[in-house]
Amino acid sequence: MRVHELARELGLRSSQDILDKLHEHGMQLKNHMSPLTDEQVDIIRKAFPKSATPTPAVLPKPEPQKKTILVRGPIIVKEFAEQLGLKPNQLIAELMMMNIFASINERVDLKIAQQIAEKHGFSFEHEKKIIERKPVTKAPEPAVEPTEDKNEDLATRPPIVTFMGHVDHGKTSLLDKIRNTKVAAGEDGGITQHIGAYTVTINERQITFLDTPGHAAFTQMRARGANLTDIAVIIVDAQDGIMPQTREAIQHARAAKVALMVAINKIDLRGANVDRVKTQLQKEGLAPEDWGGTTICCPVSALTGAGLDHLLEMILLQADMLELKANPGRRAQGYVIEARLEPGMGPTANIVVKRGTLKVGDAITCGPYWGRVKALISDKGIKVRTAGPSLAVKVLGLTAVPEPGMEFQVQANDRVAREMSETALEEKRKQEIAVTPKRLTLDDLMKPASSQAREARKLRLILKGDVQGSLEAIQNSLAGIKSDKVVLDILLASVGNVSSNDVLLARASEAIIIGFHVGKDDGVNATAKREGVEIRLYSIIYELLDEVRNAMVGLLEPIVKQTVVGHAEVLQVFEISRKGTVAGCRCTDGKLTSRARARVKRKGDLLFEGSLISLKRFQNDAAEVRESQECGLRLDNFSSFQPGDIIECFEVEKIAQQL
Ligand code: GDP
């Protein structure tokens, strides 16, 4: 028996509990797949008797939650009654009992409304607070529910899986095979619907597969801010082995920091060589589990179905390790994967729920649009009333067609959803007029003031080269730029022209594309412009290295150095009616310069620090005044000079930090 099997049998929340317990007994096991001896099984059975709370195999039905009434601005009897599920005259009667006489269109005091809401079992929130906490400034970013989830509200959710890999290695065939063998069985009625994702049930647990395989789609979603995938399964043809796009897929998945697994497909073919693929994987830093590494590799055949059950089990195991959780009890939030206008249905959006439970009747915002959920259709073509975390559904009822990758969010009620949508649309219109997307460019980074750069302290690069050899040379030279203050993160290094895929990866990861002796694919310029991604092409390696080094330096805040250049003593003060107060001074040491800054000190106390606005000698502007010369000076925002004050002149220099 293996660790994960025992964990499941005992209903433990995570197989890590077993590893920890055995560790206490001085036994080190490698991971969740490790086999257990009888003695170890005994220890664990004693430590975790089976009565312990079992892990929910499927998502538990959410506890009925205390509903929240959200109000914004004045609370009007009619609307408030609606929110409470009362008739207006019932509410009026209730108010009368509290000695408040209000008609249907009158306001209710906030405190009174709160008391009534609580009496009816609602929690009460004033919308103003929420709007303030997360104002709708960006169009695709609707306000979120104010509270973070509590630990006890979290329940295990199904993993969301994307297949990636080289073209023709069998991604689509595998998706189809799994769907055909696992979805159809046991489902009553309904015609399979392609809604961008589907969910299968294995041993009473669920897995959601995103229907558009490949790293292009994956990264496109990421570039739009939708990080849906939990597990990327890299599909490798057992005959062809690792190919360029396999590498790319691995790099895209790594850049997204999702869990990685491998399926070695087409094992039914004569030329299939699983061991050869495993050797190649090892070279890519994905050492297979059964060879002492950590990457789960499953030999499969989409044609015969061999190994599919094992693959699905391993996906569940990987999910166990990730301990994926979500609160099914809150208002739903998630992302659009596809959307269109469908005859007879109006705008429809295929969405995946990330947390919460989406219900028919919910008021939702979706990107800058809103709607009330009229119907939900599952991947099995069945009308459903709810969709919980990690499930995909088609949503009917939106007022417009959103774009893939847009976030959706259930709002308190139609009014809030509509208002948020109006604000977001207004914002969108403004942005369309004014804004080109925010670019992260090398020049930006070289400017020390770039706040985005300052926070990041990480320069992410995508390297494209003409041949593997030059890429390696560049990577080696870049690795030679030593810095403990800035991290250079190479997300992808591959041979070939800069492609739209590279641009999307750069956008999703806030990276810059550096090309060496390569060009750009058709259409890349337009994509890069739209996504606000910078591409720099070089043909001289030293130029490339210099600019990367400068960009790294630019990420560091400069050191501000002040140097006192001279002092002056105030001898006389003149009031010049139009211009204000002029201090007549003598330079006592060093020099005064018109571009310097100044401090005013009186008997050692600092009175003021600011800029000089004029420096004159004999009525003429002077750039510099030297020791023992006399001058008249004025300061910006300071006029109460007294004879005897000391003016200290200093220069401020910003010095770039060393890496
Ligand atoms: P994708 O481009 O990665 O989505 O690959 P496809 O799923 O379109 O498969 C490419 C080709 O490989 C098709 O002709 C499939 O029939 C074939 N194929 C896929 N999986 C297998 C398999 O397990 N065994 C064999 N013999 N052929 C397969």
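The values are calculated or read from the model by the stated rules, or taken from the named source; none is laboratory data. This is a predicted model, so every value here is computed, not measured. Neighbour counts run over all protein chains shown; Cβ positions are idealised from the backbone, glycine included. Accessible surface areas use protein heavy atoms only, side chains included; no ligands, DNA or RNA. Shrake-Rupley method; radii C 1.70, N 1.55, O 1.52, S 1.80 Å.
Using only Cα atoms and rounding to the nearest 10 degrees, what angle (0 to 90) does helix 468-479 make with the longest principal axis of the chain? Around 50 degrees separate the two axes. Full extension of the segment from K482 to N273, taken as 0.36 nm per residue of separation minus the current Cα-Cα distance, would add 71.1 nm. Cross-link reach is defined here as a Cα-Cα straight distance under 22 Å, omitting same-chain residues fewer than 8 places apart; for K520 the lysines meeting it are K438, K464, K529.
Net charge of the neighbourhood of E651, taken over other residues with C-beta under 13 Å away and scored Lys/Arg +1, Asp/Glu -1, is +3.
Take the Cα of R595, step 7 Å toward its Cβ, do the same at E403, and the gap between the two points is 4.4 nm. If the chain linking K616 and E313 were pulled fully straight, counting 0.36 nm for each residue of separation and taking away their Cα-Cα distance, it would gain 100.7 nm. Mind giving me the FRET efficiency for R385 and N180? R0 is 35 Å, r the Cβ-Cβ distance, nearest 0.05 is fine. My answer for the efficiency is 0.85. The count of lysine pairs in region 560-659 that are at least 8 places apart or cross chains, and whose C-alpha atoms lie under 19 Å apart, stands at 5. When each of the peptides 369-381, 17-29, 287-299 is scored by how many other beta carbons lie within 10 Å of its residues on average, the order from highest to lowest is 369-381, 287-299, 17-29.
If one takes the longest principal axis of the Cα atoms in the chain, at what angle in degrees, from 0 to 90 and to the nearest 10, does the Cα axis of helix 38-47 lie? Orientation of helix 38-47: about 70 degrees from the principal axis. All C-alpha pair distances within region 67-127, sorted into 5 Å bins from zero, spread as 4, 21, 37, 28, 10, 1 percent across the bins.
For E106 and K150, the FRET efficiency from 1/(1 + (r/R0)^6), where r spans their Cβ atoms and R0 equals 51 Å, is about 0.85. Simple rule: put +1 on each Lys or Arg Cβ and -1 on each Asp or Glu Cβ in the chain, find the dipole, and look at I296, T588, G346; the Cα lying farthest toward the positive end is T588. Residues of region 242-272 falling in the label zone of D521, defined by backbone nitrogen less than 20 Å from a point 7 Å along Cα to beta-carbon, are 242-256.
Return the Rg/Rh ratio of region 154-326 with Cα-based radii and a Kirkwood Rh.
Working: Rg = 15.3 Å, Rh = 16.2 Å.
Rounded to two decimals, Rg/Rh equals 0.94.
For an R0 of 25 angstrom, estimate the FRET efficiency from the Cβ-Cβ distance between V167 and L341 and round to the nearest 0.05. All intermediate terms of the calculation are to be shown ahead of the outcome.
On the way: r = 31 Å, r/R0 = 1.23.
Efficiency at R0 = 25 Å is approximately 0.25.
For region 333-417, which whole-number percentage of the solvent-accessible area (1.4 Å probe, protein heavy atoms only) is attributable to carbon and sulfur atoms?
Details: 1500 of 2760 Å².
The nonpolar share, carbon plus sulfur, comes to 54 percent.
Once divided by 2.2 N^0.38 Å, the Cα radius of gyration of the chain becomes 1.27.
The lysines whose alpha-carbon is closer than 17 Å to the alpha-carbon of K257, local same-chain residues fewer than 8 away aside, are K458. For K67, put the label point 7 Å out on the Cα→Cβ axis and report which residues of region 334-369 keep their amide N under 20 Å from it. Answer for this model: 356-365. Mind checking which of H166, Y198, G334 is farthest towards the positive end of the chain's charge dipole, using Cβ charges of +1 (Lys, Arg) and -1 (Asp, Glu) about the Cα centre? Farthest towards the positive pole: G334. Put a dot 7 Å past the Cα of Q562, heading toward its Cβ, do the same for E651, and the two dots end up 1.6 nm apart. For a straight C-alpha distance cut-off of 29 angstrom, the lysines reachable from K46 (same-chain residues fewer than eight places away being disregarded) are K21, K30, K325.
How big is D, in µm² s⁻¹, for region 478-592 by Stokes-Einstein at 37 °C and 0.692 mPa s if Rh is the Kirkwood radius over C-alpha pairs?
Working: Rh = 18.9 Å.
Approximately 174 µm²/s, per Stokes-Einstein.
Put a plus charge on the Cβ of each Lys and Arg, a minus charge on the Cβ of each Asp and Glu, and nothing anywhere else: the dipole of region 513-659 about its Cα centre is then about 500 debye. Segment Q282..S640, full-extension length gain: 121.3 nm, with 0.36 nm per residue of separation and the alpha-carbon distance subtracted. Over the residues of the chain, the helix contribution to mean residue ellipticity at 222 nm works out to -8500 deg cm²/dmol, using -39500 (n - 2.57) for each DSSP H run of at least 4. Taking region 333-417 on its own, what percent of its Cα-Cα pair distances exceed 20 Å? Tail fraction, whole percent: 18.
Would you work out what percent of the accessible area of region 442-555, with all protein chains in place, is carbon or sulfur (probe 1.4 Å)? List each step's numbers first, then the result.
On the way: 2370 of 5120 Å².
Exposed carbon and sulfur together represent 46 percent of the surface.
Using only Cα atoms and rounding to the nearest 10 degrees, what angle (0 to 90) does helix 500-509 make with the longest principal axis of the chain? It works out to around 70 degrees.
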